[in-house]
Structure formats: structure tokens, C-alpha cells
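Working notes for the structure below.
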Amino acid sequence: MLTSARPVLWLALAMTAPLPALASSATPTSTLRAQDVAVLAASCANCHGPDGRSTGGIPTLRGLPEAHLLQRLQAFKAGTAKDATVMTRLAKGYDDEQLKALAQWFSKKGR
């Protein structure tokens, strides 16, 4: 009887093994590290200049209030910003945590 129970036991173990991994990925608790945000912010430099300090007709991000930056980023992502060009397409590539981190990053750069 013990030998017939082994395949069932292995099957039960194999079926439950991935459950902790699925549970932890369903509710992410990690926050972005400073270097992660720096990498995200670096892509903004293509248009908004190094550290968000524009040298041309594109708006400067550096030092703007965090709430304003977040509102703008969320409007771009939602497609509700009437004055947007390429930002509506770019913002869709970021999740809410990343948008918040970017708003915080650029608001603190000016201080």
C-alpha cells in the first residue's frame, strides 16, 4: 500500500509547488529602487533633457510639483491630455507605480 501512495504523493507535491510563487506574484509588495527609477527617467532625457531640464521647446520636468507631474502622466496614459503628442503612447508603457516614481523623481531633482 505504501508503494501505491508514492505516485499520488509526488503528484500532490508537484501540483502545490508553484502555488507560493503564484501567490507572491499576484500581490507585488516590492517598490522601485532608486536605480530602477533612474533608468526609467533616463528615457525621458531623450526629449526633456538631462535630469528633466529641457533645452528646447519641450517642457522642463525638473522641479515641478510631484502632484502636477503625476496628474499629467496619468492624463497622458488615459489619453485625456488634449495637448499631448507622443506622450499618450509613451505613458501607456508604464504602470501606476512607475508613474508615481517618475513624478517623485523629477519633482525632487529641482530641490
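The values are calculated or read from the model by the stated rules, or taken from the named source; none is laboratory data. On a predicted model such as this, the values are computed, not experimentally measured, just so you know. Here the Cβ is made from the backbone with ideal geometry for all residues, glycine too, and neighbour counts use every protein chain on show.
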Item checked: Residue within the range 13-21 that is part of a helix (DSSP H, G or I), surrounded by fewer than 13 Cβ atoms within 10 Å (Cβ to Cβ), of a type in the set (A, V, I, L, M, F, W, C) and modelled with pLDDT of 90 or more present -> no
Checklist line | Filtered residues of the range 44-64 (kept if in contact with a Leu (Cβ under 9 Å, 6 or more places away or on another chain) and over 16 Å from T85 (Cβ atoms)) | finding: G49, D51, G52, R53
Margin query: Suppose we keep only residues that are surrounded by 15 or more Cβ atoms within 10 Å (Cβ to Cβ) and either in contact with a Pro (Cβ under 8 Å, 6 or more places away or on another chain) or in a loop (DSSP other than H, G, I, E, B) (or both) within the range 64-111. Which one would you say is modelled with the lowest pLDDT?
Written below: A84
Next item on the list: Within the range 59-75, track down each residue that is closer than 13 Å to H48 by Cβ and out of contact with any Gly (no Cβ under 7 Å at 6 or more places or on another chain).
Entry: P59, L64, L69, R72, L73
Notebook entry, point to check: Which residue pairs have Cβ atoms under 6 Å apart, sit 6 or more places apart or on different chains, and have a first residue in the range 29-56 that is acidic (D, E) and a second that is part of a helix (DSSP H, G or I)?
Noted result: D51/K109
Notebook entry, point to check: Is it the case that the range 38-53 has a residue that's more than 16 Å from the chain's Cα centre (by Cα) and hydroxyl-bearing (S, T, Y)?
Noted result: no
